[in-house]
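Enquirer: Submitted below is the structure of interest, expressed as C-alpha cells.
Values quoted throughout were computed directly from the atomic coordinates according to the rules given, and no laboratory measurement underlies them. These numbers were taken from a predicted model, which means no experiment stands behind them. We place every Cβ from the backbone using ideal geometry, glycine too, and count neighbours over all the protein chains shown.
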Amino acid sequence: DGADAPRELFSKPASRLGDERSALRNGLLAAEASIDPKYFYDAQGCVLFSAICELAEYYPTRLERHIFDTYREDIQACLPSNLQWIDLGCGDCLKSQRWLSTLPAQRYVGIDIAEEWLQQSVDVLRNRFPAIDCMAVTADFTRDLSLQEALGDVDDLPPVFFYPGSSIGNFARPRAISLLASIRRHLGEHGRLLISVDLRKDPQVMEAAYDDAIGVTAAFNKNILRAANRELGSDFHPEHFEHRAIFDDAASRIEMQLIARHKHDVDLGEGARRQFQAGEIIVTEHSYKYTPEHFGDLLAGAGLSVDRMWTDERGWFGVFLARA
Ligand code: AVJ
C-alpha cells in the first residue's frame, strides 16, 4: 500500500531502486543478516523516531537542545559574519529554525533524501524567513555528496554545515571520514562544520536509551521489517522477532538487533528464502559513541580541526565546531 511506503521510493529511477533492493536482499542473505538503518524512516518509522526523541531514557535530543540554547551566542560568535546554512539531513528543518531567527544567514540549503517532505519543510521556512534565500536539495549526501552539483555555483557565501543529532554516529570510521572529507572540500577558509555526537558514558545509560521501558524503540526497530516487506515482497512477521540493544565496548557502539524467537523460514522475494534459527540475529543499526579526543581524531582523519567543543554538565553529549 503506497500510503506508508518509504518516501524516497517515489523519487528514484528504477535502476537505483533495483540496486538498493538487491543490496537489501543480499544483506538479509549474508551469514550475519543486516538491514541498512535508512529503512527505519518510512512514515511509521518517522513517527516512532519523533516519539523516541521525547523518551526520558533517550537523552541525546534533549541534551543537544540544552547545549544549543545555553551556548547559542557563544557558538554564533564563532561563525562567519554572513553565511549560508547547509542543513545536512534536515528532516523537518525544525532544528535549523531555532538558529535562523538569530543567525545572519543569507541562504538556507536543506538537503535530505525524502523529497516531498523536504519541499514542504523548506516551504515553511521560506514563509517564516522571507529575507533568506531558501533552497531544497534532494540528495543522499551520505553516499554521493555532490554538493558542487547540488549547490551549483552558490559558493559566494562561506558555508556553515549543520549536522546535528549525532547522525554521524551511524557510520563506521571509513564512511564517516569520507563523508566528513566531502564536507571539508566545500569549507574554504571561512566555512565551518557544526556537528554533534553522543559521547561514551555508563553502558547502562546508553543501552537504556536504545531499549526504553515502554518499548517505543522496540517498535521502531521491528517496523524496519515492514519496510523490508514492502521493498522486497518478503513475509517477515515482526512479532517473530525480539528487540535487543547492546553496547559493544571494543567497537564503542550500540548495536541494535532483531532476534528470531523461533526457527522459521522467510520468503525474501525473487525466489530467495532464508531460514532463521531460534536466536539468530539481524543487525539493524550501529550508533558509535566517542570520547571528545576520539571524535577530534575522526575529524582530523578528514582534514578537519576542532575550533571549539561544548557539552552538557555531565559530559554526556558533545557539540563540536570544526574548520578545514
Ligand atoms: C538518528 C541515528 C542518531 O543512532 O541515536 C534512535 C537513531 N536509533 N534510537 C541514534 C536511533 C534508535 C539515532 N540517530
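Enquirer: Using packing as a proxy for protection, rank 306-313, 69-76 so that the peptide with the highest average count of other Cβ atoms within 10 Å comes first.
Expert: Values: 306-313: 14.9, 69-76: 12.9.
Packing proxy ranking, top to bottom: 306-313, 69-76.
Enquirer: If you stretched the chain out fully between residue 250 and residue 300, how much longer would it get, using 0.36 nm times the residue separation minus the C-alpha to C-alpha distance? Working shown, then result.
Expert: Details: separation 50, 0.36 × 50 = 18.00 nm, distance 2.13 nm.
That pair, residue 250 and residue 300, stretches by 15.9 nm at full extension.
Enquirer: Let me ask you something else. Regarding the chain, what are the three Cα extents along the principal axes, ordered largest first, in Å?
Expert: Result, largest extent first: 61, 44, 33 Å.
Enquirer: Follow-up question, since we're still on this one. Cα-based count: Lys pairs in the chain below 29 Å, eight or more positions apart or different chains?
Expert: Here the count comes out as 15.
Enquirer: Further question: Under the √(5λ) rule applied to the eigenvalues of the Cα gyration tensor, what semi-axes describe the equivalent ellipsoid of the stretch 179-259? Give them in Å, descending. Display every interim value, and only then the final one.
Expert: Values: eigenvalues 208, 87, 23 Å².
The equivalent ellipsoid of the stretch 179-259 has semi-axes of 32, 21, 11 Å.
Enquirer: Now for a separate question. Take every DSSP beta bridge with both residues inside the chain and express the antiparallel ones as a percent of the total, to the nearest 5. Display every interim value, and only then the final one.
Expert: On the way: 32 of 55 bridges.
In the chain, DSSP labels about 60 percent of beta bridges as antiparallel.
Enquirer: Shifting gears a bit: Could the peptides 177-186, 216-225 be put in order, highest first, of the mean number of other beta-carbon atoms found within 10 Å of their residues? Kindly include the intermediate steps, with their values, before the conclusion.
Expert: Working: 177-186: 18.6, 216-225: 22.7.
Going from most to least packed, we get 216-225, 177-186.
Enquirer: Around residue 212, which amide H atoms from residues at least 5 apart in sequence, or from another chain, sit under 5 Å from its own amide H, with H modelled in the peptide plane?
Expert: Correct list: 217, 218.
Enquirer: Need one word for the stretch 32-149: rounded, prolate or oblate. Basis is the Cα gyration tensor (sqrt eigenvalues a ≥ b ≥ c); a/c below 1.5 gives rounded, then a/b vs b/c decides.
Expert: In terms of gyration-tensor shape, oblate.
Enquirer: Sorted by packing (mean other beta-carbon atoms within 10 Å per residue), highest first, where do 273-282, 232-241, 189-198 land? Please report the intermediate quantities before stating the final value.
Expert: Values: 273-282: 14.9, 232-241: 16.8, 189-198: 22.0.
By packing density, highest mean first, the sequence is 189-198, 232-241, 273-282.
Enquirer: If you don't mind, another one. If Lys and Arg each add +1 and Asp and Glu each add -1, what is the summed charge of the other residues whose beta carbon sits under 15 Å from the beta carbon of residue 82?
Expert: -2
Enquirer: Could you compute the net charge surrounding residue 276? Neighbours are other residues with a C-beta less than 11 Å from the C-beta of residue 276; K and R count +1, D and E count -1. Before the final figure, lay out each step's value.
Expert: Numbers: positive: 261, 263, 273, 274; negative: 265, 280.
Residues near residue 276 contribute +2 overall.
Enquirer: I would also like to ask the following. Once you put a point 7 Å from the Cα of residue 94 and another 7 Å from the Cα of residue 15, both along the Cβ direction, what distance in nm separates them?
Expert: With each label placed 7 Å out from Cα toward Cβ, I get 3.9 nm.
Enquirer: Would you calculate, for the chain, the mean residue ellipticity at 222 nm contributed by helices, counting each DSSP H stretch of 4 or more residues as -39,500 (n - 2.57) and dividing by all residues, to the nearest 500?
Expert: Numbers: 11 runs with 119 residues, N = 324.
Theoretical 222 nm ellipticity from helices: -11000 deg cm²/dmol.
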